[in-house]
Amino acid sequence: MGPDEKTIICRCEDLTLKRLRELIASGYTTVDEIKRISRAGMGPCQGRTCRALIEREIAAMTGVPIREQKPAKYRQPSRPVTFAAILGGEPREEDC
Amino acid sequence: MKKTADAVIIGGGVNGVSIAYNLAKRGLTNICVLERNFLASGATGRCGAGVRAQWGTEMNLRMSMASVRMFENMNEELDYDDDIEFNQGGYLLLAYTEAGWEQFKKNVALQKAHGLQVELLTPAEAKEVVPHLNTEQLLGATYCPTDGHCNPFKVTDAYAKAARRLGVEIYTNTTVTGIERDGDRIQGVHTDRGYVSTPVVVNAAGGWSQDVAAMVGLEIPTHSERHQILITEPVEPMQRPMVMSFHHNLYCQQTPHGSFIMGLGDPTEKPGYNMEASWQFLEEMAEKITWLLPPLRHIRVVRQWAGLYNMTPDRTPILGPVEEVPGFYLACGFSGHGFMIAPMVGVLLAQSILGQKTEIPIEPMSLGRFARGELFREPSVV
């Protein structure tokens, strides 16, 4: 197994650097598209780790610098929250 | 970009690529798909990912039953290098009013007559299917085990890849700016990347179908309407079927990945193009879902979003040629169920464009039905 296969880019959904590079090479050249085809960024952290790594890899492989890449949409809630907490009262430790 | 094409499909959602694949498969390969954003960026990629055949009109029933059979074999049919993730865990539909229950009995009689495996269930039997279901106030349910869940991104990807292998060109980040006509007949399509000459244009523009129709001077009775949805963190498998209540206007399914996906219809939603998610939805969803499926109370919501239903007056799609504009075809107005019937829509549109006999008669689904007053009145939509 090469280093690319052992390098995890999205820790929530287990996207490896190898798979990310395959996806970019096959034409998925925006964070939005990579997210939808691989689930990267759809887990509990909502892309807090992988988004920047994916943007950097897209820049390296396509030559489009990060500042020229269309940013992917940020969606609420900003942190995972239980239905119980949404329904009111003080959220318990385990609800946040 | 191509200078000439035998057909141009506007819209890179699942229906657009399904139509493209089916045309190419039948020999019409000099065609292209135009997508303003990226594939599945509109309604397809925002939908609830459910697939059901439990419909209340013969047309929706035939379209969806045929499509379920195609989903079952899609990985092989399209020679897909990934997996469309079709999982047949069933749909449990809930009735809370006498009128709703009577409608379910009629639906099931119609569905059985067409050979669908479907049952009327008592509340106790419904609880056997979904043990954590709150059966308070429930009058009865219907259950079809072959309904299920499928990944809309993967299905779109599978059709797009298969279409490209057959020679179809797919242009993303390409905006249609106008449609050229000679008299009424279609001549070509203007885009922000150039002009394509073509005798055939398919309007598969989803939430923007009415705007594309207006480009040929056609007013169609579709409008767009925001529908909201959310997804939770993945948890251990605990709910096999989709649970759907027309009375509460909601649906909720655990995906094969483990997350719960759920949505609500809002009868007060105004026509428009708003695709922002709201906190009001989150609160209403939390109230309704924790009443209906109490153990979900302690599961975390990770993301909410919204998409557009492209609605028609009878909540049935508009398919096929437009008499007034030769060469202009419609595949729009899916009213919230465009993903699950896309396999059959692709077949029918391709057959219609090529002048072949369609597997299911599509004339009843044409634009002309509104002028003739021959509406469908689908009773079973969230």
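Consider all pairwise Cα distances in the range B:53-105 and report the whole-number % of them above 12 Å.
That fraction is 73 percent.
Which percentage, to the nearest 5, of the DSSP beta bridges contained in the protein assembly as shown is antiparallel?
In the protein assembly as shown, DSSP labels about 75 percent of beta bridges as antiparallel.
So who's got an amide H within less than 5 Å of the one on residue B:300, skipping anything under 5 residues away but keeping other chains? H placed 1.01 Å off N, in plane.
B:233
Given Cα pairs under 8 Å that are at least 6 residues apart, what percent is the relative contact order of the range A:1-71?
29 percent
With everything on Cα atoms, drop me the angle between helix B:152-165 and the longest principal axis of chain B, reported from 0 to 90° to the nearest 10.
30 degrees
Helix B:58-72 versus the longest principal axis of chain B: what angle, 0 to 90°, nearest 10, using Cα atoms?
The angle comes out at about 90 degrees.
Rounded to whole Å and ordered largest first, report the semi-axes of the equivalent ellipsoid of chain B derived from its Cα gyration tensor (root of 5λ).
So the three semi-axes of chain B are 35, 21, 20 Å.
Could you sort the peptides B:96-103, B:126-133 by per-residue average Cβ neighbour count (10 Å cutoff), highest mean leading?
So the order, starting with the most tightly packed, is B:126-133, B:96-103.
Rg to Rh for the protein assembly as shown: what is it, with Cα atoms only and Rh by Kirkwood?
0.96
In Å, what is the Rg of the alpha-carbon atoms in the range B:37-168, and how long is Dmax?
17.2, 56
Springs between alpha-carbon pairs under 10 angstrom, Gaussian network model over chain B: which of B:78, B:348, B:94 fluctuates most?
Largest GNM mean-square fluctuation: B:78.
Of B:299, A:7, B:317, which is farthest along the charge dipole of the protein assembly as shown in the positive direction, counting Lys and Arg as +1 and Asp and Glu as -1 at C-beta?
Working it through, the farthest residue towards the positive pole turns out to be A:7.
Pairs of alpha-carbon atoms within less than 8 angstrom and 6+ residues apart define the contacts here; what relative contact order does chain B have, in percent?
On the way: 889 pairs, mean separation 90.2, N = 382.
Relative contact order comes out at 24 percent.
Based only on the alpha carbon positions, what is the Kirkwood hydrodynamic radius of the range B:164-251, in angstrom?
17.1 Å
Quick one: what does P(r) look like for the range B:95-186 with 5 Å bins over all Cα pairs, in whole %?
3, 10, 12, 12, 11, 8, 8, 7, 10, 11, 6, 2, 1
Need one value: the accessible area of residue B:358 in square angstrom, 1.4 angstrom probe, rounded to the nearest 10.
Here the residue's solvent-accessible area equals roughly 30 Å².
Quick one: what do you get for the range B:115-163 if you divide its Cα Rg by 2.2 N^0.38 Å?
Ratio of Rg to 2.2 N^0.38 Å for the range B:115-163: 1.73.
Quick one: the Cα spread of the range B:238-348 along its three principal axes, in angstroms, biggest first?
56, 30, 25
Most mobile of A:24, A:54, A:86 per a Gaussian network model of chain A (Cα springs, under 10 Å)?
Top of the fluctuation ranking is A:86.
Can you tell me the Rg and the Dmax, both Å, for the Cα atoms in the range B:154-307?
20.6, 62
Over the Cα atoms of the range A:1-71, compute the convex hull volume and normalise it per residue, giving Å³.
76 Å³
Just to confirm the number: angle between the C-alpha axis of helix B:98-113 and the first principal axis of chain B, 0 to 90 degrees, nearest 10?
60 degrees
Evaluate peptide A:27-34: per residue, the Cβ atoms of other protein chains within 10 Å of its Cβ; return the mean as an integer.
Numbers: counts 6, 3, 2, 5, 0, 4, 9, 0.
Mean partner-chain Cβ count within 10 Å for A:27-34: 4.
In whole angstrom, how long is each semi-axis of the equivalent ellipsoid of the range B:213-290, when you take the square root of 5 times every eigenvalue of its Cα gyration tensor and sort them from largest down?
30, 15, 12
Rounded to the nearest 500 deg cm²/dmol, what is the calculated helix-only ellipticity per residue at 222 nm for chain B, with -39500 (n - 2.57) per DSSP H run of length n ≥ 4?
-9000 deg cm²/dmol
Please list, by residue number, every one of the chymotrypsin sites (Phe, Trp or Tyr not before Pro) in the range B:259-297 that is coil in DSSP and has at most 16 other beta-carbon atoms within 10 Å.
B:273
List the residues, sorted by chain then number, that are 5 or more residues from residue B:187 or on another chain and whose placed amide H is less than 5 Å from its amide H.
Under 5 Å from the amide H of residue B:187: B:180, B:181, B:182.
The values are calculated or read from the model by the stated rules, or taken from the named source; none is laboratory data. In this text, all values refer to a predicted model and were calculated from it rather than measured experimentally. Note that we place each Cβ from the backbone using ideal geometry, even for glycine, and neighbour counts take in every protein chain shown. The accessibility values were calculated without ligands, DNA or RNA, using every heavy atom of the protein model including side chains. Shrake-Rupley method; radii C 1.70, N 1.55, O 1.52, S 1.80 Å.
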